[in-house]
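The values are calculated or read from the model by the stated rules, or taken from the named source; none is laboratory data. Since the structure is predicted, the reported quantities are computational estimates derived from the model, not experimental observations. Note: ideal-geometry Cβ built from the backbone for every residue, glycine included; neighbour counts use all protein chains shown.
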Amino acid sequence: MVTDPMLKQPDPLTPTVDWVPPMPPTDLIFDDGEPLETNRHRIAMNGLIRSLKHHWSDRQDVFVGGNMFIYYSSKQVRNQDFRGPDFFVVMDVDSDPTRLGWVVWEENGRYPDVIVELLSDSTEAVDLGPKKRLYEQVFKTKDYFVFHPFQSHSLQGWHLHSDRGYQPLESNQQDWLWCQTLGLWLGIWEGKVEDDTTVWLRFYDEAGNLVLLPEEAAQQRADQEQQRADQEQQRADQEQQRAERLATRLRELGEDPNLL
């Protein structure tokens with residue numbers, strides 16, 4: 001897990017960005033070896049990443065990441081003051097999957113456009129306080145969401161307005177929140193992912209269809225193929241039954257159906 005040093009500091013909000021020349025990758029830490037909060041947090045994070053990547057599998061202009069450091073100033077490097085969002089998306093950039101982290105000064109000054117933090121009892125105050133202010137005031141992240149994987153009604157979201165900052169998003173009848181940047185809904189879904197059956201944070205398209213994980217999409221295709229095969233078999237059986245009825249009728253009339 002990428003452990004966020006923000007948890008160790010009262011309020012490390014950095015009001016300005018100090019730009020520095022690109023640093024060799026070896027000078028930056030990209031993994032501290034710490035595990036995620038819980039296994040459910042890991043599944044939840046991977047579910048968001050994998051489902052969105054599958055949904056946009058034909059796009060090469062979006063980077064989807066999670067649990068990786070975001071470096072945005074020289075002070076970060078000196079003070080080990082870096083951020084590790086659980087899930088983030090940057091639009092209109094190369095989707096290069098080999099990135100070890102997101103280094104702002106190597107990405108033409110681009111910050112995440114969407115961030116999702118998975119809350120826990122130990123991080124909730126930071127995610128709703130210092131981190132939220134950082135994403136609003138420094139990152140200028142357009143859409144910010146938080147969700148506690150062990151609290152099914154904990155979803156909250158904000159959209160950034162140029163003159164009013166983060167404004168709370170209003171939910172629809174299903175208690176979903178619209179992410180304008182992604183053109184998708186974020187909402188809860190109850191079911192089994194990997195070995196855990198619970199309420200998960202999932203994406204839905206504009207029509208309300210669940211954005212599927214790769215294995216769910218594969219199962220859906222298999223089910224559709226089976227359904228088509230069953231329908232073909234049903235039609236074949238019906239044709240066979242009609243032919244048998246016709247043959248029976250011809251025999252009743254004294255005709256040999258094999259001679260017709």
Taking only the range 134-173 into account, find how many residues are outside any strand (DSSP E or B) and touching a Gly at 6+ places or on another chain (Cβ under 9 Å).
6
Looking only at the range 150-170, decide whether some residue is of a type in the set (A, V, I, L, M, F, W, C), loosely packed, with under 13 Cβ neighbours inside 10 Å and more than 26 Å from R40 (Cβ to Cβ).
no
Can you tell me how many residues in the range 195-211 are modelled with pLDDT of 95 or more and out of contact with any strand residue (DSSP E or B) (no Cβ under 9 Å at 6 or more places or on another chain)?
3
Condition (residue is out of contact with any helix residue (DSSP H, G or I) (no Cβ under 7 Å at 6 or more places or on another chain), of a type in the set (A, V, I, L, M, F, W, C) and closer than 25 Å to H55 by Cα) applied to the range 159-173: is it met by at least one residue?
yes
Matching residues in the range 225-260 (among the charged types (D, E, K, R) and not in a helix (DSSP H, G or I)) number 2
Leading residue by the ranking (nearest to H159 (Cα to Cα)) among those in the range 102-146 that are under 21 Å from the mean Cα position of the chain (by Cα) and either of a type in the set (S, T, Y) or outside the structural domain of Y166 (by TED's automatic domain parsing) (or both):
Y144
Residue check for V199: in contact with a Leu (Cβ under 7 Å, 6 or more places away or on another chain), of a type in the set (V, I, T) and surrounded by 13 or more Cβ atoms within 10 Å (Cβ to Cβ):
no
Out of the residues in the range 63-92 meeting the condition of being of a type in the set (A, V, I, L, M) and more than 15 Å from T141 (Cα to Cα), tell me which one is modelled with the highest pLDDT.
M68
Say we look at the range 180-196 and pick out the residues that are closer than 19 Å to Y166 by Cβ and outside any strand (DSSP E or B); which of these is nearest to the chain's Cα centre (by Cα)?
L182
